[in-house]
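FYI, it's all coordinate maths here, none of it is from the lab. Please read all numbers here as calculations on a predicted model, not as lab measurements. Note: ideal-geometry Cβ built from the backbone for every residue, glycine included; neighbour counts use all protein chains shown.
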Amino acid sequence: MKRDRQTIPIAAIREENSSLRTFTFETSLKAMPGQFIMLTIFGQGEKPFSILDVTKTSFSMTIKKIGPLTERLFQMQVGELVSIRGPYGKAFSTRTDRVLMVGGGYATPPLRFQAKTLRELEVNYLVNINGARSQADLLYVPDFDDYCDRSLIATDDGSLGHKGTAVDVMDAVLSEESFDYIYISGPERMMKAAVEVARKYEIPFEVNLERYMKCGVGICGSCVMDPNGFILCVEGPVVDSIKIDQLEEFGVSHRDKTGRIVAL
Ligand SMILES: Cc1cc2nc3c(=O)[nH]c(=O)nc-3n(C[C@H](O)[C@H](O)[C@H](O)COP(=O)(O)OP(=O)(O)OC[C@H]3O[C@@H](n4cnc5c(N)ncnc54)[C@H](O)[C@@H]3O)c2cc1C
Ligand code: FES
């Protein structure tokens, strides 16, 4: 039976670093990488979060403490109840030829889920580039090592892997090897730079976007993108290389929670 909303206890909490925790819930969720759920904390509100992983009996998300709802979540203990609805949104496609993934910061959960899914589908060749400010901010390094044929790291301060950005490494990798498809998830300015590199090598790609989302199901209009009113929560959050060209605000601006357009 499909349940649109479920009230469920937190089953496990794992500290990833000083500002990120992974929350696991023991309930099945039919979700694909790139999709998100709307999480309600009673008396606090509702916000969207990407799915990090699903198993037959559980799902999990990695969440950054950034504002009122996530601060409240970080005070909660195993066994306390939250409510979820979803999954929602358009997932990444599942290419199994020669695939490159480029991720940055706390936007990497969908790529870790994608790497696991592509490995299960027996992807021919999978390379991941994992970027972060420093070694302490890198996520899921052992998992990417397991799922990928090559797992590369870039840190801004050079504390692990290449000193520089994931996009620098992407450019270097593409100058040496050919790929059929690229999946990108990171801060929007980083994705904008990655898109330019993908275009230089003429490789199709998908990016995973974020906009302020209130309803998650195409009703409220808070996530629409200029100039054509693209409804990201329903038509995205994964957007392909053809559609992204129509979204003039990509890498430039977004709407804040009042609907005002502000620079990124
Ligand atoms: C599809 C989607 C998937 C997401 N997945 C994750 C995830 O896996 N892990 C995670 O930690 N967070 C994720 N987020 C972001 C998360 O929903 C927000 O950070 C959320 O607002 C936090 O709620 P809060 O009440 O703690 O902070 P808020 O007060 O709501 O937000 C803190 C600050 O971030 C800004 N902000 C919030 N959401 C967005 C947005 N979408 N775009 C630009 N600025 C924003 C707010 O304006 C505010 O300045 C996702 C967002 C979207 C749209
Ligand atoms: S969040 Fe309401 S229309 Fe997308």
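Some points to look at:
- Local charge for Gly236 was computed over the other residues whose Cβ lies under 12 Å away, with Lys and Arg +1 and Asp and Glu -1, and equals -1.
- Out-of-range pairs (alpha-carbon distance over 26 Å; input Lys64/Lys116; Lys192/Lys257; Lys64/Lys257; Lys64/Lys163; Lys47/Lys200): Lys47/Lys200
- Size of segment 95-215 as Cα extents on the principal axes (Å, biggest first): 40, 31, 29
- Restricting the calculation to Cα atoms, segment 182-264 shows an Rg/Rh of 0.96 when the hydrodynamic-style radius is the Kirkwood one.
- Other-chain or far-sequence residues with amide H under 5 Å of Asp226's (modelled H): Glu249
- Remark on segment 48-131: ratio of C-alpha radius of gyration to 2.2 N^0.38 Å is 1.27.
- Packing-based ranking, highest mean first, of 212-222, 82-92, 48-58 given that Cβ atoms within 10 Å are counted: 82-92, 48-58, 212-222
- Summary of the geometry: segment 14-55 and segment 183-259, compared by the centres of their Cα atoms, lie 21 Å apart.
- Sites listed here are GluC sites (Glu not before Pro) in segment 205-264 whose DSSP assignment is loop and whose Cβ has at most 12 other Cβ atoms within 10 Å: Glu248.
- Looking at segment 105-176, the GluC sites (Glu not before Pro) that sit in a DSSP loop and have at most 10 other Cβ atoms within 10 Å of their own Cβ are Glu122.
- The alpha-carbon atoms of segment 218-261, seen along their principal axes, cover 29, 22, 15 angstrom, with the largest extent given first.
- Here the 3J(HN,Hα) profile of segment 221-234, calculated from phi with Karplus coefficients 6.51, -1.76 and 1.60 at θ = phi - 60°, is x, 5, 9, 5, 10, 7, x, 10, x, 4, 8, 5, 5, 9 Hz, Gly and Pro shown as x.
- Scattering curve values for the chain, log₁₀ I(q)/I(0), Debye with Cα scatterers, q = 0.13, 0.16 Å⁻¹: -0.84, -1.30
- Kirkwood-type hydrodynamic radius, segment 5-88: 12.7 Å, calculated from all non-identical alpha-carbon pairs.
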